[in-house]
1. Among TRP152, SER130, LEU34, whose Cα lies farthest out toward the positive end of the dipole of the chain, if unit charges sit on the beta carbon of Lys, Arg (+1) and Asp, Glu (-1)?
2. Which loop-located chymotrypsin sites (Phe, Trp or Tyr not before Pro) does segment 129-189 contain, where loop means any DSSP state but H, G, I, E or B and the Cβ has at most 15 other Cβ atoms within 10 Å?
3. Could you size up the charge dipole of the chain around its Cα centre, putting +1 on the beta carbon of Lys and Arg and -1 on that of Asp and Glu, and report it in debye to the nearest 20?
4. How high is the relative contact order of the chain? Use alpha-carbon pairs under 8 Å, at least six apart in sequence, and give a whole percent.
5. Within segment 162-182, find all residues whose amide N lies under 15 Å from a label point positioned 7 Å from the Cα of ASP14 along Cα-to-beta-carbon.
6. Under DSSP H, which helices of the chain have Cα atoms covering 30 Å or more of the helix axis and a Kyte-Doolittle average no less than 1.6?
7. Pairs of Cα atoms under 8 Å, at least six residues apart: use those to get the relative contact order of segment 26-105, whole percent.
Amino acid sequence: MSEAVSALNGASFDGFARVEETGLRGMITVRGDLASKEMAAAVRNVIGAAMPETRKVVFGKSGAVAWMSPDELLIMVAHGAAYEMVEALNAALAGQHALVVNVSDARAVFRVSGEGAREVLAKLAPVDLSPDAFGAGDIRRTRLAQVAGAFWANDDGSFEVICFRSVAQYVFDILRLSATQGGEVGHFS
């Protein structure tokens, strides 16, 4: 069996913000009735987290749960725990109309940090990133320049960015270009 490797082998860049690939992460797509008590119980019992509100990310004892659409969650756990979590979620949702799929190896994750992190993403995505409109725990599925992606804000002011692995180099490059010294706009300072 081959060893899993991240899309860009830990690529990083320091400009007026830091951009870094975070490495392997377990990711599980869950589709179903997010308002059902069975779904809430499965998430609570397996991940140790509450169901997220619309466009929110919540953290639990075993990972994070992100609202992705009215019938979809993205659960993020340690990469090595993803298969075990899929089995546990399937067991918890037995008899329910639900889909649970390990999508870990189809995604890449980047962290954008530093004082300019908000500005880096604002230059690439059609999202109101003002601190009053987009705070810690907020998530958006959107476009990052020309490709689909999602990102959320962390408590420390950094952002996590998820994209398809097939466009990881492109996303890293546009994040790096957006964070290059001399490209500051100063909108949020």
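1. LEU34
2. PHE188
3. 240 debye
4. Computed over the chain, the figure is 25 percent.
5. Once the point is set 7 Å along Cα→Cβ of ASP14, 180-181 turn out to lie under 15 Å by backbone N, inside segment 162-182.
6. Qualifying helices: none.
7. 42 percent
Every number here is computed from the coordinates shown, using simple stated rules; none is lab data. These figures come from a predicted structure and were not determined experimentally. Quick reminder, even Gly has a Cβ in these numbers, built from the backbone with ideal geometry, and neighbours come from all protein chains shown.
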